Amino acid sequence: MIRLSLAACAAAILAALPTLAPAQPAPGPTVLVRAGNLFDSEAGRMVGPRDILIRGDRVAEVGQGLAAPDGATVVDLSRCSVIPGLIDAHTHLLLEQPMGEGLSAVAARDQSVQGDVYRALVAVGRAKDYLAAGFTTVRDLGNSGQYLDLALERAINDGRVSGPRIYGSGPGLAPAGGQLEPMPSDPHHLVAGEYRIVTSPDDARAAVREAIARGADVIKIYPEATPQRTRMTVAEIAAVVSEARRHGIPVAAHATSDPAIREAVEAGVSSIEHGYEISDETLRLMAQKGVWLVPTDPSLEMAVEFTKSWPQQPPQEEIARHLQAGRDRLMRAHRLGVRIALGSDLYFPYGPGRGAGARATMDGYVEAGLTPAQALQSGTWEAGRLLGDEGLGVVRAGSWADLVAIDGDPTASLSPLRAPRLVMKGGVAEAGDASACVG
């Protein structure tokens, strides 16, 4: 007599059962949007009335005179313009730094006084604010504790809270001290609570793998970390980029001085964040290597709002003069062929809200000399390409069903973006309603 093991018996029983196909998720709703005027983000122009057929969370077809499929919901936006969901490629959802307060004091409050739960709950409100302003995607770049950005990303993806689609980095990879002010003593390990300090090329590679294992969508590095005086070595930067590229993950580099920017560009990063003091020579290298510049420059309106809390607010003319260097840098980059992606880097208190600040950053680009269409492209087509998702920042077959309905023509003026009529993310209306757009 042959004795069968328990595992063999179970296998025999399973083999005798009829084969069952794995359960398939129920198809999402079908929606037909009738847009009065559609912005082609790749071409940078309005293309007139278009019908947008959505199945589930993706666009299935864009055309004219499309018939509504049986059971489809028809959304009439024929009196409005429609643009792709906006993208802010440089946010800090988990950070707010009051004017005059150092980052070390902020870290102490966030980590030791308020704690992760409170910090995350506040970030939920900021995420909702971005979404209501028409930003359906953000790239969140550090200063988020130990992966709180990725926890928020998961909560949004799981439908636990509403907010934009997040591409998070987790803690930024930085030299000794991170970006906190020099501290003779750090008994509460504030630096380690906000940054992943790298100490060698091998450690840099390990840090990249750690971030990816935790779910990072992008790697944030600090080739320099002002107000700290420390810098990453060229070998460490190159190791980060090499390891990230091996895993198919982009690298964003916080760099403000020309030497640090050039080292990061030569190493092959995907984007330079800020880039305040950059030479034409380095800009040409960025254009040649296809590296994006993310100019985190406020508009005049934003800068005036920021300075209201100062003991003595400077005259508006003085504020405008202070902004001019950044504007000159943006236009030098544009003329030299560097790709520009929108990034607000908003972490100061801003009365109108984070979403309004991201929108106003585009106004700053126009004040610098970009056309409204070019500024809008920076927050749609260009930012989507930077994030590496062909479905972002565009409305075409296969793209994410992220749409924003507004009044008027945004290629003539960005002012209609101040009051979105309807915000749709993944085929679901998240803010506003379509009543004002009905023809």
Note to self: Is it the case, given these coordinates, that Ile278 is open to solvent by less than 40 Å² (accessible area, probe 1.4 Å), of a type in the set (A, V, I, L, M, F, W, C), under 21 Å from the mean Cα position of the chain (by Cα) and within 22 Å of Leu342 (Cα to Cα)?
What the structure shows: no
Margin query: Can you tell me which of (1) more than 21 Å from Ser169 (Cα to Cα); (2) under 22 Å from the mean Cα position of the chain (by Cα); (3) open to solvent by less than 10 Å² (accessible area, probe 1.4 Å); (4) not basic (Lys, Arg) is the one Val251 doesn't meet?
Written below: (1)
Next item on the list: Name the one entry in Asp110, Asp51, Asp149 that is of a type in the set (D, E, K, R), open to solvent by less than 20 Å² (accessible area, probe 1.4 Å), touching a Lys or Arg at 6+ places or on another chain (Cβ under 7 Å) and assigned to a helix (DSSP H, G or I).
Entry: Asp110
Note to self: Every residue in region 157-183 that is open to solvent by less than 40 Å² (accessible area, probe 1.4 Å), of a type in the set (Gly, Ala, Ser), within 19 Å of Arg196 (Cβ to Cβ) and in a loop (DSSP other than H, G, I, E, B), please.
What the structure shows: Ser169, Gly170, Gly177, Gly178
Note to self: Being under 25 Å from Pro223 (Cα atoms), open to solvent by 50 Å² or more (accessible area, probe 1.4 Å) and either out of contact with any Gly (no Cβ under 8 Å at 6 or more places or on another chain) or free of Cβ contacts under 8 Å to residues at least 60 places away in the same chain (or both) is true for just one of Leu336, Leu330, Leu285, Leu323. Which residue is that?
What the structure shows: Leu336
Next item on the list: Among the residues of region 224-249, count how many are modelled with pLDDT of 95 or more and in contact with a Gly (Cβ under 6 Å, 6 or more places away or on another chain).
Entry: 1
Next item on the list: Identify all residues within region 1-48 that are of a type in the set (A, V, I, L, M), open to solvent by 40 Å² or more (accessible area, probe 1.4 Å) and modelled with pLDDT of 55 or more; write none if there are none.
Entry: Ala26, Ala43
Checklist line | Near pairs, Cβ below 8 angstrom, 6+ apart or cross-chain, from region 393-420 (without any contact (Cβ under 8 Å) to a residue 24 or more places away in the chain) to any residue that is of a type in the set (A, V, I, L, M) | finding: Ala419/Ile406
Check: Pairs, please: C-beta under 7 Å, at least 6 apart or cross-chain, first residue closer than 17 Å to Ala264 by Cβ and of a type in the set (Gly, Ala, Ser) and in region 198-219, second assigned to a helix (DSSP H, G or I) and open to solvent by 10 Å² or more (accessible area, probe 1.4 Å)?
Finding: Ala204/Glu236
Next item on the list: Report, ordered by the first and then the second residue, all pairs with beta carbons closer than 8 Å, sequence separation of six or more or different chains, a first member in region 60-85 that is touching a residue at least 24 places away in the same chain (Cβ under 8 Å) and basic (Lys, Arg), and a second member that is assigned to a strand (DSSP E or B) and surrounded by 18 or more Cβ atoms within 10 Å (Cβ to Cβ).
Entry: Arg79/Gly36
Margin query: Every residue in region 265-282 that is without any contact (Cβ under 8 Å) to a residue 40 or more places away in the chain, within 25 Å of Asp363 (Cα to Cα) and of a type in the set (S, T, N, Q), please.
Written below: Ser279
Note to self: When you check Leu77 against the structure, is it in a loop (DSSP other than H, G, I, E, B) and either among the polar types (S, T, N, Q) or crowded, with 24+ Cβ neighbours inside 10 Å (or both), yes or no?
What the structure shows: no
Item checked: region 290-320, subset in contact (Cβ under 8 Å) with a residue 40 or more places away in the chain and among the β-branched types (Val, Ile, Thr), residue farthest from Ala260 (Cα to Cα) -> Thr296
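Condition check ((1) in contact with a Gly (Cβ under 8 Å, 6 or more places away or on another chain); (2) more than 23 Å from Lys220 (Cβ to Cβ)) across all residues:
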| position | (1), (2) |
| --- | --- |
| Ala67 | no, yes |
| Val74 | no, yes |
| Leu93 | no, no |
| Arg109 | no, no |
| Ala133 | yes, yes |
| Leu141 | yes, no |
| Tyr167 | no, no |
| Gly178 | yes, no |
Next item on the list: Taking Gly85 as the residue in question, decide whether it is modelled with pLDDT of 95 or more and at positive phi.
Entry: no
Check: Can we say Thr137 is at pLDDT 95 or above, open to solvent by less than 50 Å² (accessible area, probe 1.4 Å) and in contact with a Lys or Arg (Cβ under 6 Å, 6 or more places away or on another chain)?
Finding: yes
Next item on the list: Find all pairs meeting these conditions: Cβ atoms under 7 angstrom apart; at least six residues apart or on different chains; first residue within region 240-252 and over 16 Å from Arg214 (Cβ atoms); second residue assigned to a helix (DSSP H, G or I) and open to solvent by 10 Å² or more (accessible area, probe 1.4 Å).
Entry: Val241/Ala267
Next item on the list: May I ask you to say which residue of Arg154, Arg196 is closer than 25 Å to Glu243 by Cβ, open to solvent by 10 Å² or more (accessible area, probe 1.4 Å), at pLDDT 95 or above and assigned to a strand (DSSP E or B)?
Entry: Arg196
Note to self: For the condition open to solvent by 30 Å² or more (accessible area, probe 1.4 Å) and of a type in the set (Val, Ile, Thr), what is the one hit in Thr380, Thr371?
What the structure shows: Thr371
Check: Across region 386-439, which residue is modelled with the lowest pLDDT among those that are assigned to a helix (DSSP H, G or I) and open to solvent by 30 Å² or more (accessible area, probe 1.4 Å)?
Finding: Ala436
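The values are calculated or read from the model by the stated rules, or taken from the named source; none is laboratory data. What you are looking at is a predicted structure, and each value in this text was computed from that prediction instead of being measured. Cβ atoms come from the backbone with ideal geometry, glycine included; neighbour counts cover every protein chain shown. In case anyone asks, the SASA skips ligands and DNA or RNA and just uses the protein heavy atoms, side chains included. Shrake-Rupley method; radii C 1.70, N 1.55, O 1.52, S 1.80 Å.
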